[in-house]
Structure formats: C-alpha cells, structure tokens
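Engineer: Dropping a structure here in structure tokens format, bear with me for questions.
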There are 2 protein chains.
Amino acid sequence: MKEVPIKDALPKKRPIPVTLASCMDKNGKPNIITLGWEMQTSIKPVMFAISIGYTRYSYECIRDTGEFVVAYPTEDMAEMSVYCGKESGRDVDKFKECNLEPLPAARIKTPLIPGCLANFECKLLHEYETGDHAIFVGECVAAHVSEEKKGRLYIIDGIYDLGGVGTKE
Amino acid sequence: MKEVPIKDALPKKRPIPVTLASCMDKNGKPNIITLGWEMQTSIKPVMFAISIGYTRYSYECIRDTGEFVVAYPTEDMAEMSVYCGKESGRDVDKFKECNLEPLPAARIKTPLIPGCLANFECKLLHEYETGDHAIFVGECVAAHVSEEKKGRLYIIDGIYDLGGVGTKE
C-alpha cells in the first residue's frame, strides 16, 4: 500500500453501478438525475439512501415533494444517463428530451422511468447534511421491474459505459 | 414495468461492488466487515457513507473509536470477503484467520487491509439511524492504493463472485 492524494485513489472505486432518480417539482414537472452515489440502507423496511449536491435542481424537487424514485438503467441507456447527469431540469424537460414517457407510480405521484431494470418508489424520511451533498433517505413503498434481460449500466473511468455483468455461479 | 413485491425487485441492483471496512474495538483488536452498502457522499472534503446493522460488532467498534477504513477488495478476495461478512469479530480475529497483516494507517489508529485496490482512512463525523441499519459518515483523511492490476470484487445473485470490469473506452 502506498499513500497517495485522496483524489488519486477515488478512481479505484470504479466501475460502480449507475442509478437514476426521478423526482417532481412543485408544479408537477417530472425530472431525472443521474447518480453514482446510492445505496440500500435498511432491510425491514427497505430504505434507500441517495447523495445529491445542494445546487442540483433535484435537491429542491425532493425537498419540495418528499418523494423520489430510484431506478437502475440498462447498459444501453448510457446516452440518456449522461444527458440526465449533465443537463439541469431547471432548463429542460429530461423525460421529453430523452423520449421517455413518465409512467404512473403506484403509491406516490413521482413517475417511474421506463426501460429501467427496476424502479423503487420512495417516500422521503430523512435529509442529512454531509459536506457538499445531502443524503436523502427514503422508505421504499412499491417496486416495479421490467422484463429486460440486459445488464446494469456502470461508470468506468469517469464516463458512463457498459458495465460487466459477471457470471452467475 | 410490472409491480412486484419489493424483495423481488432488489436483485436487480446486482452486481454491486463489494466494500470492506476495517475498524478496531476499544482494546485495539482490529476487525473487518464486508459491506454491500457504501457510497461516497461529498467531494470537498471527500466523505464516505457506510450502512451497518445495529447488531454487528463493527457497529460497536466504529462508535467506540470514531474511526473506520473503507477498502475495495480485488476479484480474487472472494473467499475472505465471504468469511468477513459471515463471521463476527466478537468470536474471531479476522485479520489473523485470513492471514492478513494489519497495515499501519497514516492518520488514524485503525489498520489498513493489505491486498485491496485502495484503502481510505476515515474519521467518523455523523451517525444516522435508518431502519435496521445505521449510516456512518466519515471524512476521508488519507488514502492508499496498491499496484494490483486486478478488478474489484462484485456481489452477484446473493453470493460474492467475480465481477465484471467492463471495458475502458
């Protein structure tokens, strides 16, 4: 082991899976943000934690509505994932620009993202301040899967790329 | 999209990267826990969030010492990762049982885990209660990398297995 500047060690995290989160502004306009920082954080009940920068439009939306959806894009959703990570919902309607139809959720108002391997509807429970990002913790209240046989999308070397799906033993 | 019981949708998360955390009990005995739930949560300063069940020995250790190390095992560290996820540091010395020499850290007392792609020394900043797990947030105070050319280990279908490492564009 050799000590290095922290930023030089961070690429060793990759590939990490890409997560999308959908949310809604107070006028009901849906939005999508692309995340590398997401984890499950409880089994009973199932909870998810996502980390979002304070300056992001989705930060405002989730605070305003108390809802978000965690979704896992397939390996062929790299282009839309990059777009949704770079653009701001303040300026564009990402569902429209990506030709995605917002799908109705079962227990919350925020729409699901079509084409993803899974969508988890979450009700916001907690917001925690951690440096330059907030952790939102949501309780999962419903889940949806697609029949897609594709793998998840992974972040590799700073860009979104096809990820390995390994072998099932 | 088809609504399913939440537990039936969770496997769609996989493969996800495996993370190890080292910690130390109040008597200075080092321990290792295997985690699937870990994320970065701040850029400046760099912070990591890890989610640990309340019943785990590592939960006590991290609370007692206010320190932990986040480390990323290589794809050939499956066996020790399974062991460190199943056994409890209350009963065994995992470093010893896995033939791992605890390496001195630079800025904290908790040792690094040899053979990993990277080790991040963290000082505990916050503990948050989220369902049946606690989120520990730590500020990274030093980082170490190895020269290993191997990929990270991923969790596939409920067991720890070799993960895909994808292709660099």
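Throughout, read-outs are computed from the coordinates displayed, never taken from laboratory work. This is a predicted model, so every value here is computed, not measured. Backbone-built Cβ (ideal geometry, glycine too); neighbour counts: all protein chains shown.
Engineer: Would you mind giving the mean number of other chain beta-carbons within 10 Å of the Cβ of each residue in A:120-127, as a whole number?
Structural biologist: Going residue by residue through A:120-127 and averaging, the value is 2.
Engineer: If you place +1 on the Cβ of every Lys and Arg, -1 on the Cβ of every Asp and Glu, and leave all else neutral, what size is the dipole of the protein assembly as shown about its Cα centre, to the nearest 20 Debye?
Structural biologist: Dipole magnitude for the protein assembly as shown comes out near 120 debye.
Engineer: Between A:Asp8 and B:Lys29, what is the label-point separation in nm under the 7 Å Cα-to-beta-carbon projection?
Structural biologist: 3.7
Engineer: If each label sits 7 angstrom from Cα along the C-beta direction, how far apart, in nm, is A:Pro11 from its counterparts in the other copies?
Structural biologist: So the label point of A:Pro11 gives 3.6 nm to the other copies.
Engineer: Loop-only check: which chymotrypsin sites (Phe, Trp or Tyr not before Pro) in the range B:1-110 are DSSP coil with at most 11 other Cβ within 10 angstrom?
Structural biologist: Within the range B:1-110, the qualifying chymotrypsin sites (Phe, Trp or Tyr not before Pro) (loop, at most 11 other Cβ atoms within 10 Å) are B:Tyr54.
Engineer: A:Lys149 label points, 7 Å along Cα→Cβ, one per copy: pairwise distances from this copy to the rest in nm, shortest first?
Structural biologist: Spelled out, the distances from A:Lys149's label point are 3.5 nm.
Engineer: Label position 7 Å from Cα toward Cβ: report the copy-to-copy distances for B:Gly53 in nm, one decimal, ordered from shortest.
Structural biologist: 3.7
Engineer: Using the crude model of +1 on Lys and Arg Cβ and -1 on Asp and Glu Cβ, and no other charge, please compute the dipole size for chain B relative to its Cα centre, in debye to 20.
Structural biologist: Using only the charged Cβ atoms, the result is roughly 260 debye.
Engineer: Could you work out [θ]222 nm for the protein assembly as shown from helices alone, using -39500 (n - 2.57) per DSSP H run of at least four and dividing by all its residues? Round to the nearest 500 deg cm²/dmol.
Structural biologist: One gets -3500 deg cm²/dmol as the mean residue ellipticity at 222 nm.
Engineer: Considering only C-alpha atoms, what is the centroid distance from the range A:53-96 to the range A:122-144, in Å?
Structural biologist: Taking the Cα centre of each part, the range A:53-96 and the range A:122-144 sit 15 Å apart.
Engineer: By its C-alpha gyration tensor, with a ≥ b ≥ c as the square roots of the eigenvalues, how is the range A:16-162 shaped: rounded for a/c under 1.5, else prolate for a/b larger than b/c, else oblate?
Structural biologist: rounded
Engineer: Work from the charge dipole of the protein assembly as shown (Cβ charges, +1 for Lys and Arg, -1 for Asp and Glu, about the Cα centre) and give the residue of B:Thr34, A:Gly66, B:Val70 farthest towards its positive end.
Structural biologist: Value computed over the given set: A:Gly66.
Engineer: Which are the unpartnered cysteines of the protein assembly as shown, meaning those with no other cysteine Cβ under 4.7 Å from their Cβ?
Structural biologist: When partners are defined as cysteine Cβ atoms under 4.7 Å apart, the protein assembly as shown leaves A:Cys84, A:Cys98, A:Cys116, A:Cys122, A:Cys140, B:Cys84, B:Cys98, B:Cys116, B:Cys122, B:Cys140 without one.
Engineer: Need one word for the range A:84-142: rounded, prolate or oblate. Basis is the Cα gyration tensor (sqrt eigenvalues a ≥ b ≥ c); a/c below 1.5 gives rounded, then a/b vs b/c decides.
Structural biologist: Cα axes put the range A:84-142 in the oblate bin.
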